Amino acid sequence: MNKSTIGWRLPRREPGLALIFALFCAAAVIGAQEPSSPEADNAAEERHLDYSVIPPSDASRDLLATGRRLYEGKRYGEALAAFQAAIDERGRRYRRAAAMIEAVQALQDKSDVVEKSKKDSIKDLITRLAKEDLIDAELERIDGIAGQSLNLRASLLREKRLSTRLADFLDALLAVLDLRPASSFHNSLAALCASSLELSAYPEAEYWVGKVYLAEGELRLAELQIQHAYALNASLVIPQERFDMLYDLASLYSVSRNYKAYESVLLDIAAEDPLFAADKRYLRDAMERALSRSGFGTFMSLTRAKAGVWGEAERLLGEFYLESGRVQAVAYLAAVVNSSLSVAIERLEKRDSSWEYRNLADLLQRIGGNRELFIWAKDISLYRALYELGLALDRGGNREGGAEIWQVLSTTKGIEPWNTSAARALRDSGKR
């Protein structure tokens, strides 16, 4: 994907009357989820003064969950309001946290008491400020309980009566630790502040706004919104979720017949496969040569490619190149077939240590005899990928390679329509 196109900030769409009414109704629902009063929060905090205390939950996550339930119920206007509220809540929470951290940083930088080498240290800052509020025996007790856990140490300290400066800093620190591990900012105040600013974006909710637009048939708005969400993917709590965004973009581009963008997005996903790294070109070439010269058995014995979220993108790319008559079809279809069969082989070997891969026919028979593997194979379109790999080989001049795969598929039961398609392809190939 052209990375210059994914950083646009999407202007919010002006809703129609029906959507405005839904937003108005949703506001009442969301308003009921506002935080309680400071007095109630303080009372609740006093009731939970124990050493298992954790930071308060992030309200934006509840709003996102609410939005998703509304979306599943096709209440799109209300879902949109919930997602926007989640975005706003997340932004306020972490921008406030960043401001608190920056304020402490500024004081550290101006201090003549703090050694220069320690001014960026989170742990040293907490220790110095805590000593102003608590006696040494109490600090030693807290450190003994917390051990090396920054999260637990901050939580235990936050239960005490502290100066506003330290209390605010601990609130900010705990907010970041709610979504990021302490190891991610390496005891650095600057890195902690950067993490807080990064977390003020909420790509998960931004993405669901795009899904609402998609459900309403607003393809252009959906495209821009999902692109925007993807541009914020560094803020994702689960980094793998960025692939959901890319696959949705690919689907959108396919529907809108923007084939250049469709190919670009799929290539972005497939590029995550270690097999398509620049230094693996020799291995990809060797796999294609094995299919052309030595047959499927040698191809599978040459390497066992790693399976991953990129598998579907490789299959779709292979299909796309196959339809447009491009030679790259073989490489991508070979990759997804190899990685998928490698997963099946590994699972079968774990189930029966005496079994080992002999040939494609035996492997497909074993997969068919294992209900879990058979459902999985259908779900990932393994049989379709095998058929299309045979087609790509045949059209590329390797009729023997294509026929070898089709011969096995044509006699494999329960994989309709790919067994009948393979039998037909065999007949058609024989007539040429």
message = In whole percent, and with a 1.4 Å probe on the protein chains, what portion of the accessible area of the range 371-432 is carbon and sulfur?
response = 49
inquiry  = For the range 210-270, take the convex hull of the Cα atoms, compute a quarter of its surface area, and give me that in nm², please.
reply    = 3.9
Charge dipole of the range 304-390 about the Cα centre (unit charges at C-beta), most positive-ward option of Ile345, Ile380, Tyr332 = Ile345
inquiry  = Per q in 0.12, 0.13 Å⁻¹, report the Debye log10 I(q)/I(0) for the range 260-352, using one uniform scatterer on each alpha carbon and no solvent.
reply    = -0.37, -0.43
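Using mean Cβ contacts within 10 Å as the protection proxy, how do 268-276, 198-206 order, highest first?
Numbers: 268-276: 19.1, 198-206: 22.9.
Highest-to-lowest ranking by the protection proxy: 198-206, 268-276.
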message = How large is the Rg to Rh ratio of the range 306-431 when both quantities use alpha carbon positions and Rh follows Kirkwood?
response = 0.96
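My understanding is that a pair violates if its Cα-Cα distance is over 30 Å; which of Lys280/Lys413; Lys350/Lys413; Lys211/Lys413 do that in this structure? Walk me through the numbers before you get to the answer.
On the way: Lys280/Lys413 36 Å; Lys350/Lys413 25 Å; Lys211/Lys413 39 Å.
Lys280/Lys413; Lys211/Lys413, as the Cα separations exceed 30 Å there.
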task = Would you pull out the residues with amide H under 5 Å of Ser121's amide H, same chain only if 5 or more places away, H placed 1.01 Å from N?
result = Leu189
ask   = In nm, what is the difference between 0.36 nm times the number of residues separating Arg371 and Asp136 and their Cα-Cα distance?
value = 78.3 nm
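The values are calculated or read from the model by the stated rules, or taken from the named source; none is laboratory data. Please read these numbers as outputs of a predicted model, since none were measured by experiment. For neighbour counting, all protein chains shown are included, and Cβ atoms are generated from backbone atoms with ideal geometry for every residue, glycine included. Just so you know, the surface numbers come from the protein's heavy atoms only, side chains and all, with ligands and any DNA or RNA stripped out. Shrake-Rupley method; radii C 1.70, N 1.55, O 1.52, S 1.80 Å.
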